[in-house]
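To start, the structure itself, in structure tokens.
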Amino acid sequence: MNLTNQAENFFRSILKNVNPREFFPEILRWNAEDNLLTVYDHRFSTGNGQNIYVIGTGKASPTMAEATESILGDRIEAGLIIAPPGSRAELSTIEMLEGTHPIPDEKSFEASKKLVSFADGIPDDSIVINLISGGTSALFALPVEGISMTELQQVFKALLQSGASIHEVNTVRKTLSQVKGGRFLSRLNHTTLIDLVISDVPDDDLRYIGSGPTIAQEISFRESVDVLEKYSILEDLPESVKEHLQNGLNAEEKNNEIECSIDFDQHFSWIVSSASIVAGRTKELIEQEGYQTELVSPAWSGLIDDFEEKIFKKVKSVLDSGSKKKALVFFGECTVKVTGDGLGGRNQELALRMAKRLKDLKQNITFLSAGTDGIDGPTDAAGAIVTQKTWQKAKNNGVDPGDYIDRNDSYHFFQKAGGHIITGPTGNNVMDLQIVLFGE
């Protein structure tokens, strides 16, 4: 098997390995005889007849919901989740609504209103299992009063194209939302709330996963404005957004106090999967095929330019060592400042840039970059795969890869040159994986 096929097989295999349907039974257990719900080693008794409800948002919510239904069965009273477009799930009790991603629109808005209404209707003392994963920020989007969904879309688009980190993006998002930044907690404080979270942020900080709708935290207008000014976004935003931010900032400075969402005693949160866990399993999988494999950690967070440089330096160090059949595994999410008018996502952009980096190397090298959610930016690809021959081969076929880099048009490059990885939505989301294989 050639390196390209092997790298893609590794990626597809790890997607199956970390599917919530597979690992949820290790985490969530139900004892019908004792009316006992167990999460890891924590027990929740339902002996007094407490109802169990399920809510959820994010790219992994459909598979998480399927897994939860298979474990709890008809013990679930009712449920409601918001999933990305094209999601599929075999659910009997839990209802699945569809939002939009990565930019929210009216579908996200309507689904979010229904989820809030559903939460309000849950009886006191019920147990609520809350399934959260990446993508929640766009799918669960309810702007504050005075800001329309169209105006919120403008903010999302500007932030996603600015090169801001996920922490910076979510710092702004939560100041404009009725539910982010822990504000959704007020709808659930009459219940026992159990958050089961799949992390898609570099440091697994619960506040930033999906903008932390059920994680109590500070909501700082000063920090929000600072982010927007740092990336020269503020002045181009709608007047309603600027007015809301200014009012919040004025109140913050007048009272010398930052708004904080409020937690409650019967609230429990667990991260059940994350990028570091998946990256570790990827390393083990590749090692089983005889590769001497290095996992490069921690998770990357930062500009694509710096990540590209880091990866290439690591590749050069492996080549300088003279060893064969080696592999590198990277993980994380880089940010891209979009200046062109093309179509792509950060994984495809990174793969195309690495094709340029690898083009003068003699040893057989394959580089893969793909999102574990199966969705790279606003495209149907998970990512792409290149070798040291990709660049020249494209030029020989009349395709100028440099032009596609300049226009941020990696999607159309790989459409023409080949190399796309297309999995469809995977029902999981733990950031991106990069795999480098060195041939013998």
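Quick one: would you say Asp105 is modelled with pLDDT under 95 and farther than 30 Å from Asp305 by Cα?
Numbers: modelled with pLDDT under 95: yes; farther than 30 Å from Asp305 by Cα: yes.
Yes; evaluated as a whole, the condition is true for this residue.
State the number of residues belonging to segment 406-428 that are crowded, with 20+ Cβ neighbours inside 10 Å, at positive phi and modelled with pLDDT under 95.
Residues that pass the stated criteria total 1.
Would segment 258-279 turn up any residue that is without any contact (Cβ under 8 Å) to a residue 60 or more places away in the chain and within 30 Å of Ile405 (Cβ to Cβ)?
no
Scan (1) assigned to a strand (DSSP E or B); (2) in contact (Cβ under 8 Å) with a residue 60 or more places away in the chain; (3) more than 23 Å from Gly424 (Cα to Cα) for the single condition Ile122 breaks and write down its number.
Result: Ile122 passes all but (1).
Which pairs do you get when a residue that is assigned by TED's automatic domain parsing to the domain that holds Ile129, found in segment 178-189, comes within reach of a residue that is in a helix (DSSP H, G or I) and acidic (Asp, Glu), reach meaning Cβ atoms under 7 angstrom, with the pair 6+ apart or on two chains?
Arg187/Asp120
Could you please find all residues in segment 202-217 being touching a Lys or Arg at 6+ places or on another chain (Cβ under 8 Å), in a loop (DSSP other than H, G, I, E, B) and small (Gly, Ala, Ser)?
Correct list: Gly212 only.
In segment 173-188, is there at least one residue being of a type in the set (Gly, Ala, Ser), part of a loop (DSSP other than H, G, I, E, B) and buried (at least 22 other Cβ atoms within 10 Å of the Cβ)?
Looking only at segment 173-188, we keep the residues that are of a type in the set (Gly, Ala, Ser), and these are 177, 181-182, 186.
Checking the rest, the ones that are also part of a loop (DSSP other than H, G, I, E, B) come to 181-182.
Okay, now just the ones that are also buried (at least 22 other Cβ atoms within 10 Å of the Cβ), so 181-182.
Taking every residue of segment 173-188 in turn, at least one turns out to be of a type in the set (Gly, Ala, Ser), part of a loop (DSSP other than H, G, I, E, B) and buried (at least 22 other Cβ atoms within 10 Å of the Cβ).
From the list Ser87, Ser45, Ser13, Ser70, which residue is more than 29 Å from Thr372 (Cα to Cα) and of a type in the set (Gly, Ala, Ser)? Steps first, please.
Numbers: Ser87 fails: more than 29 Å from Thr372 (Cα to Cα); Ser13 fails: more than 29 Å from Thr372 (Cα to Cα); Ser70 fails: more than 29 Å from Thr372 (Cα to Cα).
None of the others qualify; the one that does is Ser45.
Out of Thr192, Thr214, Thr175, I need the residue that is of a type in the set (S, T, N, Q), modelled with pLDDT of 95 or more and out of contact with any helix residue (DSSP H, G or I) (no Cβ under 6 Å at 6 or more places or on another chain). Which one? Talk me through it step by step, then tell me what you get.
Working: Thr214 fails: out of contact with any helix residue (DSSP H, G or I) (no Cβ under 6 Å at 6 or more places or on another chain); Thr175 fails: out of contact with any helix residue (DSSP H, G or I) (no Cβ under 6 Å at 6 or more places or on another chain).
From the options Thr192, Thr214, Thr175, the qualifying one is Thr192.
Out of Ile82, Ile132, report the one residue that is aliphatic (A, V, I, L, M), buried (at least 16 other Cβ atoms within 10 Å of the Cβ) and in contact with an Asp or Glu (Cβ under 7 Å, 6 or more places away or on another chain).
Values: Ile82 fails: in contact with an Asp or Glu (Cβ under 7 Å, 6 or more places away or on another chain).
Residue meeting the stated conditions: Ile132.
For segment 260-299, enumerate the residues that are surrounded by 16 or more Cβ atoms within 10 Å (Cβ to Cβ), of a type in the set (Ser, Thr, Tyr) and under 24 Å from the mean Cα position of the chain (by Cα).
Result: Ser261, Ser269, Ser273, Ser274, Ser276, Thr282.
Here is a check on your reading of the model: is Lys359 surrounded by fewer than 21 Cβ atoms within 10 Å (Cβ to Cβ), touching a Ser or Thr at 6+ places or on another chain (Cβ under 8 Å) and at pLDDT 95 or above? It would help to see each step written out before you state the result.
Numbers: surrounded by fewer than 21 Cβ atoms within 10 Å (Cβ to Cβ): yes; touching a Ser or Thr at 6+ places or on another chain (Cβ under 8 Å): yes; at pLDDT 95 or above: yes.
When the stated conditions are applied, Lys359 passes them.
Would you say Ala275 is modelled with pLDDT of 95 or more and in contact with a strand residue (DSSP E or B) (Cβ under 7 Å, 6 or more places away or on another chain)?
When the stated conditions are applied, Ala275 does not pass them.
For every residue, the table says whether it meets (1) crowded, with 22+ Cβ neighbours inside 10 Å; (2) acidic (Asp, Glu); (3) farther than 19 Å from Gly371 by Cβ; (4) touching an Asp or Glu at 6+ places or on another chain (Cβ under 6 Å).
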| residue | (1), (2), (3), (4) |
| --- | --- |
| Ile122 | no, no, yes, no |
| Asp125 | no, yes, yes, no |
| Ser148 | no, no, yes, no |
| Ser165 | no, no, no, no |
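Which of the residues belonging to segment 89-105 are surrounded by fewer than 19 Cβ atoms within 10 Å (Cβ to Cβ), outside any loop (DSSP other than H, G, I, E, B) and over 21 Å from the mean Cα position of the chain (by Cα)?
Passing the criteria: only Glu95.
If you go through segment 22-78 one residue at a time, how many are aliphatic (A, V, I, L, M), assigned to a loop (DSSP other than H, G, I, E, B) and surrounded by fewer than 18 Cβ atoms within 10 Å (Cβ to Cβ)?
Selection size over segment 22-78: 1.
So which residues in segment 125-134 are in a loop (DSSP other than H, G, I, E, B) and either in contact with a helix residue (DSSP H, G or I) (Cβ under 7 Å, 6 or more places away or on another chain) or not assigned by TED's automatic domain parsing to the domain that holds Pro62 (or both)? Step through it out loud before you land on a result.
Here is the first cut: in segment 125-134, the ones in a loop (DSSP other than H, G, I, E, B) are 125-126, 133-134.
Correct list: Ser133, Gly134.
The values are calculated or read from the model by the stated rules, or taken from the named source; none is laboratory data. Just so we're clear, the structure is a prediction, and the values are computed from it rather than from any experiment. Every residue, glycine among them, receives a Cβ derived from its backbone with ideal geometry; neighbour counts consider all protein chains shown.
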